[in-house]
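Input: a single structure, listed below in structure tokens.
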Amino acid sequence: PPRSTLFPYTTLFRSLPGKVEIQVEERKAAAFLNIKGDFYLVCENGVIFKKLSSFIYENLPIITNVDLKKVVLGSETNSHSLNLGLKIIKNINSVKPELLACISEINAGNANEIIVYTNNGIKIKVDENTERNKWLRINRIISAANTENISIGYVDMRYNKQIILKPVERKVKI
């Protein structure tokens, strides 16, 4: 029989007399996936396991610009861009899990310039080799921008020893 895409691992135990125990492991969504306007749930190992009939906001980022021609529910994909987006999520989660709630989108279409957008519109440029510890620094930048009412145009974390921060220029009326 076909396996469930939502419950990939089930185990059946039987003990006498007349007792059956079933253990079920449910997939946990790591992100939403947008493929040609359709939304899916994807787990951290790249398995797309559910197509959504409508987009329901949860505290999960959306991975966009993914190089998939066909979606097959329940099987791992070999999409480089999807794997890049999931790698960014894993890096953030391993350093500062609460920061992930501030991320709205990961545009993973270009390995040399992955664009991460925060919920308040900050654009963060990273690449597949961005060091994990830079996410701690970006967390402080986002917090400072929120508390000090600073508008940030973008943050670029693709360079080895530095983070580039470009504030939004404010126009002054004379």
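Residue-wise test of (1) over 27 Å from Glu76 (Cα atoms); (2) modelled with pLDDT of 90 or more; (3) under 20 Å from the mean Cα position of the chain (by Cα).
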residue	(1), (2), (3)
Leu86	no, yes, yes
Thr118	yes, yes, yes
Glu131	no, no, yes
Ile142	yes, no, yes
Asn149	yes, no, no
Asp156	yes, yes, yes
Lys171	yes, no, no
Ile174	yes, no, no
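Please verify whether Leu16 is of a type in the set (A, V, I, L, M) and loosely packed, with under 13 Cβ neighbours inside 10 Å, treating the condition exactly as stated. Reasoning before the result, please.
Values: of a type in the set (A, V, I, L, M): yes; loosely packed, with under 13 Cβ neighbours inside 10 Å: yes.
Yes: the conditions hold for Leu16.
Which ones in the range 23-33 are of a type outside the set (Gly, Ala, Ser), in contact with a Pro (Cβ under 9 Å, 6 or more places away or on another chain) and assigned to a strand (DSSP E or B)? Outline the logic, then answer.
Within the range 23-33, the first condition is being of a type outside the set (Gly, Ala, Ser), and the residues that meet it are 23-28, 32-33.
When the remaining residues are screened for being in contact with a Pro (Cβ under 9 Å, 6 or more places away or on another chain), the result is 25-27, 32.
Answer for the range 23-33, where residues must be of a type outside the set (Gly, Ala, Ser), in contact with a Pro (Cβ under 9 Å, 6 or more places away or on another chain) and assigned to a strand (DSSP E or B): Glu25, Phe32.
Which condition number does Ile92 fail, the rest of (1) at pLDDT 90 or above; (2) farther than 24 Å from Glu26 by Cα; (3) not hydroxyl-bearing (Ser, Thr, Tyr) being met?
(2)
What number of residues within the range 100-136 are on the phi > 0 side of the Ramachandran plot and in contact with a helix residue (DSSP H, G or I) (Cβ under 6 Å, 6 or more places away or on another chain)? Before you say what the answer is, go through the steps one by one.
In the first step, residues of the range 100-136 are kept if they are on the phi > 0 side of the Ramachandran plot; the result is 121.
Filter again for in contact with a helix residue (DSSP H, G or I) (Cβ under 6 Å, 6 or more places away or on another chain), leaving none.
Total meeting the criteria: 0.
Looking at (1) open to solvent by 90 Å² or more (accessible area, probe 1.4 Å); (2) closer than 16 Å to Gly85 by Cα, which is the only condition Glu25 fails?
Every condition holds for Glu25 apart from (2).
Please list, ordered by residue number, the strands (runs of 3 or more DSSP E) wholly in the range 34-152 having 2 or more residues that are free of Cβ contacts under 8 Å to residues at least 60 places away in the same chain and open to solvent by 70 Å² or more (accessible area, probe 1.4 Å).
Numbers: elements: 38-43, 48-51, 62-64, 103-107, 114-118, 123-126.
Counting at least 2 such residues, we get 48-51.
The values are calculated or read from the model by the stated rules, or taken from the named source; none is laboratory data. This is a predicted model, so every value here is computed, not measured. A quick note on method: Cβ atoms are made from the backbone with ideal geometry, for glycine too, and the neighbour counts reach across all protein chains shown. These area figures cover heavy atoms from the full protein model, side chains too; ligands, DNA and RNA do not enter into them. Shrake-Rupley method; radii C 1.70, N 1.55, O 1.52, S 1.80 Å.
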